[in-house]
Amino acid sequence: MRLPLITHVIKHVITHASLKVSPRDACTKSHWPTTSGFFFMIKGMTPTHLLRATALLATIVCAPVHTAWAQTTAEPLPSACLAQLSAKALAAGVSSDTFEQAMQGVVARPELMDNLNYQPEFKLPIWDYLASLVDGERVLDGMSMLAQYKDELAAIQQTYGVDPATVVAVWGVESNYGQNTGGRDIVESLATLSCMGRRQSFFSGEFVAALRILQAGDFERELFKGSWAGAFGQTQFMPSTFLRLAVDGDADGKRNLITNPVDALASTANFLKRAGWRDGETWGFEVKLGATVPTVQGRKSARDVSYWAAQGITRADGSALAQGPVAGNTDAALLLPAGDKGPAFLLLRNFKAIYSYNASESYGLAIAHLSDRLRGGDVFATPWPTDDAGLSRAEKRDIQTLLLARGHEIGAVDGALGSKSQAAIKLEQQRLGHEPSGRAGQKLLQALQAQR
């Protein structure tokens, strides 16, 4: 939280609680150590006002220092770390000219520490995560991409043995088909993460890989933008992954995953092939459990398909598990991402290849499900075990439009429910008598729609 916002909140509380101290002074540590000093500041307050002010000031002012990273800040990189990065780059074959040119204007971005500790695929309920990643818009846009790049995708499948729907599904989930590739300077982000926070050794390796990419000249320095963690391009490769697996999909002599979708799609297919993808096989499929829930569960606990059949498990439509390329001795793992009341899946070998792209089961299911939808498949047969299902991007935009209509200042209607939208959602939930969680689901959408 930014200091101006803190002081604004404190000033508001002080005004209504008759607290006799300036908000900036209230934020300084010197005003908190002694009882006499504290009571001098709050002279004239009633016990109720004292309780309110103390609680708010304690939670806001005394919050951990790292909450300040939420703001967009810039500061010089630590000189010692900068020297270490320079030495590491030079040892890896990066010229001093490349290093100096790449680092021009680069500063540390401490706010990235907040991103480092939060990833939606690990924090969100899976029904929220999939509701926006595999919504009707993404399916229709993906079908359009399949048609637009039909010839190129056919050539990619011929070369790498990965079907078009799977490759395009990765493209859709990673960047919404090239529309959202990220706007952070890759060198700056990786330099920051190499000098701050956890996993500095990992990120310093990616930093050096990024400089090697620039030195090779596959694209211009100004194009080198992407996610806060260093992934870039239309299918979001980390720099070290680019060096190992990126390919020149259109034979123009460059590997440009940023502005060239054919290079990005071919590189993704090469990644999946190297990760063990088997052409002509599926990632897995939804299943229906028998009368008893198997005790053997989890992505790492594979058994023969015949074992699962003996447990009373069938495909979601009730048909036998073993059919087509799936034989009785095919290895499969049972995944129950929301427990035995939600959708269940048997994961085959190709799911491991998808999982290696981003080590998250929710992410893997998003890719897998979108690829099925792009082939004409339907939504999961079994609903998620919640009475407040997640929202598509169109529904999130509806929520934002309704919030604006009620006078909330949340910024642009973009389908991304950021901090301003979440604060407004909490207020509306309180007004409606809902739990003020800040999470928007079908219940809130329907309630707001009913009050248009």
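The values are calculated or read from the model by the stated rules, or taken from the named source; none is laboratory data. Just so it is clear, the structure is predicted and the values come from calculations on it, not from any experiment. Because the Cβ atoms are built from the backbone with ideal geometry, glycine has one as well, and the counts that use them run over all protein chains shown. In case anyone asks, the SASA skips ligands and DNA or RNA and just uses the protein heavy atoms, side chains included. Shrake-Rupley method; radii C 1.70, N 1.55, O 1.52, S 1.80 Å.
Structure notes:
- With R₀ fixed at 51 Å, the C-beta to C-beta distance from Leu404 to Asp279 puts the FRET efficiency at about 0.55.
- Summing Lys and Arg as +1 and Asp and Glu as -1 over all other residues whose Cβ lies under 15 Å from the Cβ of Glu281 gives a net charge of +1.
- The simple Förster model, with R0 at 35 Å and r as the Cβ-Cβ distance, assigns Arg244 and Gln311 a FRET efficiency of 0.30.
- Expected-Rg normalisation [2.2 N^0.38 Å, Cα atoms] applied to region 332-452: 1.28
- For Val379, net neighbour charge (Lys/Arg +1, Asp/Glu -1) across residues whose Cβ lies under 12 Å away: -3
- Greater than 28 Å apart at Cα, pairs in Lys352/Lys420; Lys341/Lys420; Lys123/Lys352; Lys88/Lys300: Lys352/Lys420; Lys341/Lys420; Lys88/Lys300
- Charge tally for Leu82 (other residues, Cβ to Cβ under 14 Å; Lys, Arg +1; Asp, Glu -1): -2.
- Leu124 sits with roughly 70 Å² accessible to a 1.4 Å probe, with DNA, RNA and ligands left out of the calculation.
- Whole-number accessible area per residue in Å² for region 331-452, which is evaluated in the context of all protein chains at 1.4 Å: 46
- Taking all protein chains together, Thr159, Thr382, Thr166 sort by accessible area into Thr159, Thr382, Thr166, largest first [probe 1.4 Å].
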